[in-house]
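Quick notes on the structure that follows.
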Amino acid sequence: MQVSVENTSALERRMTIGVPAERIETEVNKRLQQTARKAKIPGFRPGKVPMSVIRQRYEDGARQEALGDLIQATFYEAVVEQKLNPAGAPSVEPKTFEKGKDLEYVATFEVFPEFSVAGFESVSVERLSADVADSDLDNMLEILRKQNVRFEVTDRAAQNEDQLNIDFVGKIDGEAFAGGSATGTQLVLGSGRMIPGFEDGLVGAKAGEERVLNLTFPEDYQNLELAGKTAEFTVTVNTVSAPTLPELNEAFFNQFGIKEATLEGFRTEVRKNMERELRQAIKSKVKNQVMDGLLAANPIEVPKALLENEVNRLRVQAVQQFGGNIKPDQLPAELFEEQAKRRVELGLIVAEVVKQFDLKPDESRVRELIQEMASAYQEPEQVVAWYYKNEQQMNEVRSVVLEEQVVDTVLQKASVTDKAVSYEEAVKPVEAPQAD
């Protein structure tokens, strides 16, 4: 087998492979002999069909099959011989494909970039620290109460946080427009569900009252046909219901599956959950800063094949998340390219750090992580046992732990500043940068 390689770009390789005719004929004959043993042809007993008849009937198919298998096999042999690491399937173009002659074909493909991860010292990380104060716990209990609020019909005028049952008709230039009318809609004043001015315009209204609201749709409204237009809404208030927060009692605690259905037991359980959320938030923010730093310090070229695969994965995830009848390939690739590029780059960089420092998943940390996740369930022991019986899930946890070990490796050389903050600041999501 003859092999020559041409570098056509930083990552693309054009490899010409020659396969001797003898090897091709050996593979063709092997397939024909296999066929002869089981072929059923009228006038001949099974296994007794002359090879000339077998060749006449089956040689073309056997040759196509042999050539396909040989291309696959010799491509693998060639990349091993040349010490190449393909990043995707090759594009194969035959140069000579005639019976009795050597096979020569060209395989074009991309390879993984070769690089060493550097610049750890340039990575800057602000590591937050915080505690769950009693005031934070009190605030969380109020949030939980508000999430379980009940509404009771009242005769008084509507206030913010009341729930109204309304009918409304919206018109633009005297004509009703699609999506501008509804009956029996439940609306909590102050929720921001409706366009600006709609909910404010119903404060002070009573059951049975009709109000006319003249409002303007925002310029950036999602429905471009309505954006910036002025509309008149005629709203009828059917009922006004005042919010009633549940008491912190046994009935309320039981909704959350708390074993010790007392205020003290509930506060203890909620605090545990808040502390777990706090640890995860701090860890996540440190990891994001480390990854951003590694990306900035290690610009690499991404193989198109890997980028396309990641775009397709993100398309599938989007369809699964949002549903509808749309197919993944109907979503524009541009929507996902930036995210896909970041994920592929980070995947390559993280894999290289693992290789450079010969990192292996720390099994004690694997168990700690599983126990941490299991602690959120009522029967944590069963969750831990389930993980250890599921190899796929275990491998996913090991990948997470390995990534954490990569972060720890970088932090040993990075510029790290510790900062004490409040619980609220520590768990607050990082805002995405605004586009220009």
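The values are calculated or read from the model by the stated rules, or taken from the named source; none is laboratory data. Predicted model only: the values in this text are computed from it and were never measured. We place every Cβ from the backbone using ideal geometry, glycine too, and count neighbours over all the protein chains shown.
Points worth noting:
- Remark: pairs (first residue in the range 68-96, over 15 Å from residue 2 (Cα atoms); second residue in a loop (DSSP other than H, G, I, E, B); Cβ separation under 6 Å; 6+ apart in sequence or on different chains) = 85/112; 87/112; 87/303.
- Taking (1) in contact (Cβ under 8 Å) with a residue 12 or more places away in the chain; (2) not assigned by TED's automatic domain parsing to the domain that holds residue 414 in turn, residue 128 satisfies each apart from (2).
A quick yes/no check of all residues on (1) in contact with a Leu (Cβ under 7 Å, 6 or more places away or on another chain); (2) closer than 21 Å to residue 206 by Cβ; (3) among the hydrophobic types (A, V, I, L, M, F, W, C); (4) assigned to a strand (DSSP E or B):
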{"site": "95", "(1), (2), (3), (4)": "no, no, no, yes"}
{"site": "101", "(1), (2), (3), (4)": "no, no, no, no"}
{"site": "107", "(1), (2), (3), (4)": "no, no, yes, yes"}
{"site": "114", "(1), (2), (3), (4)": "no, no, no, no"}
{"site": "121", "(1), (2), (3), (4)": "no, no, no, no"}
{"site": "132", "(1), (2), (3), (4)": "yes, no, yes, no"}
{"site": "146", "(1), (2), (3), (4)": "yes, no, no, no"}
{"site": "156", "(1), (2), (3), (4)": "no, yes, no, no"}
{"site": "165", "(1), (2), (3), (4)": "no, yes, no, yes"}
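- Selection over the range 352-404 of residues that are outside any helix (DSSP H, G or I), surrounded by 17 or more Cβ atoms within 10 Å (Cβ to Cβ) and over 23 Å from the mean Cα position of the chain (by Cα) gives a count of 1.
- For beta carbons closer than 8 Å, sequence separation of 6+ or different chains, a first residue in the range 192-203 that is closer than 14 Å to residue 235 by Cα and a second that is among the hydroxyl-bearing types (Ser, Thr, Tyr) and part of a helix (DSSP H, G or I), there are no qualifying pairs.
- Scanning the range 103-135 for residues that are of a type in the set (Asp, Glu), in contact with a Ser or Thr (Cβ under 9 Å, 6 or more places away or on another chain) and within 14 Å of residue 13 (Cβ to Cβ) gives a single hit, 110.
- Of all residues making up the range 197-227, the number that are in contact with a Phe, Trp or Tyr (Cβ under 9 Å, 6 or more places away or on another chain) and either at pLDDT below 95 or not small (Gly, Ala, Ser) (or both): 10
- Subset tally (residues that are more than 19 Å from residue 110 (Cβ to Cβ), part of a helix (DSSP H, G or I) and either outside the structural domain of residue 344 (by TED's automatic domain parsing) or aliphatic (A, V, I, L, M) (or both)) for the range 279-333: 13
- Members of the range 361-387 that are among the hydroxyl-bearing types (Ser, Thr, Tyr), at pLDDT 95 or above and touching a helix residue (DSSP H, G or I) at 6+ places or on another chain (Cβ under 9 Å): 387
- Residues (over 23 Å from residue 163 (Cα atoms) and of a type in the set (Ser, Thr, Tyr)) located in the range 240-276: 262, 268
- Boolean, residue 251 is within 30 Å of residue 265 (Cβ to Cβ) and loosely packed, with under 14 Cβ neighbours inside 10 Å: yes
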